[in-house]
1. For region 255-269, how many residues are open to solvent by less than 30 Å² (accessible area, probe 1.4 Å), assigned to a loop (DSSP other than H, G, I, E, B) and closer than 30 Å to residue 195 by Cα?
2. Take residue 249 and tell me if it is open to solvent by 30 Å² or more (accessible area, probe 1.4 Å), within 23 Å of residue 88 (Cα to Cα) and out of contact with any Asp or Glu (no Cβ under 6 Å at 6 or more places or on another chain).
3. Taking only region 224-246 into account, find how many residues are within 23 Å of the chain's Cα centre (by Cα) and either surrounded by 15 or more Cβ atoms within 10 Å (Cβ to Cβ) or not hydroxyl-bearing (Ser, Thr, Tyr) (or both).
4. Is there any pair with a first residue in region 133-144 that is aromatic (Phe, Trp, Tyr) and a second that is crowded, with 20+ Cβ neighbours inside 10 Å whose Cβ atoms are under 8 Å apart and which are 6 or more apart or on different chains, and what are they?
5. Filter region 141-155 down to residues that are modelled with pLDDT of 70 or more and either open to solvent by less than 20 Å² (accessible area, probe 1.4 Å) or part of a loop (DSSP other than H, G, I, E, B) (or both) and give me whichever is farthest from residue 287 (Cα to Cα).
6. Pairs under 7 Å by beta carbon, first residue touching a residue at least 40 places away in the same chain (Cβ under 8 Å) in region 207-229, partner surrounded by 16 or more Cβ atoms within 10 Å (Cβ to Cβ) and hydroxyl-bearing (Ser, Thr, Tyr), six or more apart or different chains?
7. May I ask you to list the residues in region 59-78 that are at pLDDT 80 or above and either open to solvent by 50 Å² or more (accessible area, probe 1.4 Å) or polar (S, T, N, Q) (or both)?
8. Taking region 25-58, which residues are touching a strand residue (DSSP E or B) at 6+ places or on another chain (Cβ under 9 Å) and open to solvent by less than 30 Å² (accessible area, probe 1.4 Å)?
Amino acid sequence: MAGHGTDEHPHGADRLCEAGDRVYSRAVRRGRVRRLDAEAVPCLLELALLHPDPDDMAWLVPTSPQEVMTRLLRGVYDEVSVSQRRVGSAVAAFEWYAALGEQIQSPGAGEGTALRVLDGLARIQAAMDEATDACTTEVLTVQPGGIRREYELSEGLHRALELRRRGVRMRDLYNHVARHGQGLLNYLELMGDTVQARTLDEVIERLILFDRTVAFIPANAERTVALEIRHPALVQYLVTVFERLWRFAVPLTAPLPDTGIEGISHRERSIAALLAEGHQDAVVAERLGISVRTCRAHIARLSETLGAASRTQLGVRIAQTGLDGPRGPADPEGGAVSLPAPMPPPEPACPEAAPAPAPESPTAR
């Protein structure tokens, strides 16, 4: 998260200068610091890490580290969301331009161009094999869809083993749920340190990049048509998207970050954030790479933990606990956030009124 800084302190709260680190750390330990002691680090005031003590303007008090972390993570979340939206728009544009190109090209033309449409699995596999044979340094992939099935992994295993034999490095991005697939763990063990894998709550549609010179992306929902991209600007754009997602992803061997709310798992926090955006169960499940049935089971546990008897109450509880953002709030001591008291069911308007209907099931769509 970049800040304004000054000529001498051109940085953000995510990478303080040495002097700023020293003054801010002292302020956190002691609860405040003299304004005179902070004159050499105006960056702390500009980044809102220090602010005047209302009881004594000669002193400055620190912003809590928990608040700073929340601010940083929200910035990261926003950057990932923007990148995902831009990739979606780029894919739609590729399809549109490809359709226009087919209208003006003569039969057989366009082979070997910067953008080639591969229609049919056989043609896609042949192009992928050709790119594998030419690859010498690096392969980057995004693999959506949750737990990777054995046949999906074995489908490209011959290419992966050939790349490993030649010393080509590989980096793969998956959904968090892929961590639970034994097939993926077996594949990574077979490949050794040739492959690095990381996971995210959500990843973009499938992407494969060879040597940062050629990229493959799906051109339809069934993945029976693909685009082979060799245009340097388009390939570089996709490389940039991958690198930014890689930066925010969690290594497969590392635990997922804690939600800060007792009883709420990382996946349930992700589901809560998507529900708060207004998405239906099927959309939430698809974006997180899980089945609709599993998604609804998590929603039911989320409703039980938050004390919500209906979807309407669940939405209110999600907002109250801060689960509608990139992470839940933490108290000043850094402990788990306490959940609000259960909401009482609505009462009839008058004694003669008919009893209120039973609350909507939290797993209903």
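1. Summing the residues that are open to solvent by less than 30 Å² (accessible area, probe 1.4 Å), assigned to a loop (DSSP other than H, G, I, E, B) and closer than 30 Å to residue 195 by Cα in region 255-269 gives 1.
2. So residue 249 does not fit the description; no.
3. 12
4. none
5. Residue satisfying both the conditions and the ranking: 141.
6. Pairs that qualify, where the first residue is touching a residue at least 40 places away in the same chain (Cβ under 8 Å) and the partner is surrounded by 16 or more Cβ atoms within 10 Å (Cβ to Cβ) and hydroxyl-bearing (Ser, Thr, Tyr), are 207/141; 208/141.
7. Of everything in region 59-78, those that are at pLDDT 80 or above and either open to solvent by 50 Å² or more (accessible area, probe 1.4 Å) or polar (S, T, N, Q) (or both) turn out to be 59, 63, 64.
8. 27, 33, 38, 41, 44, 49, 50, 53
The values are calculated or read from the model by the stated rules, or taken from the named source; none is laboratory data. Just so you know, these numbers come straight off a predicted model, no measurement behind them. Counting neighbours? That spans all protein chains shown, and the Cβs are built from the backbone with ideal geometry, glycine included. Please note that ligands, DNA and RNA were not included when accessible areas were found on the heavy atoms of the full protein model with its side chains. Shrake-Rupley method; radii C 1.70, N 1.55, O 1.52, S 1.80 Å.
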